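Below: one structure, written as structure tokens.
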Amino acid sequence: MTKTDLVNFIAEEAGLTKADASRALEAMMKGVIKGLKKEGKVTLTGFCTFTAKKRAAKEGRNPRTGEVVKIPARVAASIKAGSKLKDALN
């Protein structure tokens with residue numbers, strides 16, 4: 001499912017225009033990003049939990065050349081499925 005497909009689904013389910021559904025989806029994504037930056041965790045109870053995890057700097061290898069490459073420290077997003085999402089998929 002693409003973002004456009006999701007906007008169309010939200011518009012139909014909620015009885016919104018596509019423009020309103022698009023703004024709602026954008027606001028939700030911005031809220032998740034803001035929550036991760038500020039608190040490091042966003043929980044949508046029963047659906048999923050987003051967490052920001054710090055990754056240390058490390059050395060990797062270029063698979064083509066075997067050359068050692070330094071990979072800088074970074075923050076990565078992680079998503080863990082909640083019980084309602086798991087149950088819906090199984």
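Worth a mention:
- When region 40-86 is filtered for residues that are of a type in the set (A, V, I, L, M), in contact (Cβ under 8 Å) with a residue 12 or more places away in the chain and farther than 29 Å from residue 28 by Cβ, the ones remaining, listed by number, are 56, 57, 71.
- Those residues of region 32-41 which are farther than 25 Å from residue 87 by Cβ and exposed (fewer than 15 other Cβ atoms within 10 Å of the Cβ), in sequence order: 33, 34, 37, 38, 39, 40
- Every residue from region 42-90 that is basic (Lys, Arg) and either in a strand (DSSP E or B) or loosely packed, with under 11 Cβ neighbours inside 10 Å (or both): 53, 54, 55, 58, 61, 64, 70, 74, 80
- Screening the candidates 13, 26 for the property of being surrounded by fewer than 10 Cβ atoms within 10 Å (Cβ to Cβ), not hydrophobic (A, V, I, L, M, F, W, C) and not in a strand (DSSP E or B) yields one hit, 13.
Every number here is computed from the coordinates shown, using simple stated rules; none is lab data. Because the structure is predicted, anything quoted here is derived from the model rather than measured. Cβ sites come from the backbone with ideal geometry, for glycine too, and all protein chains shown count toward neighbours.
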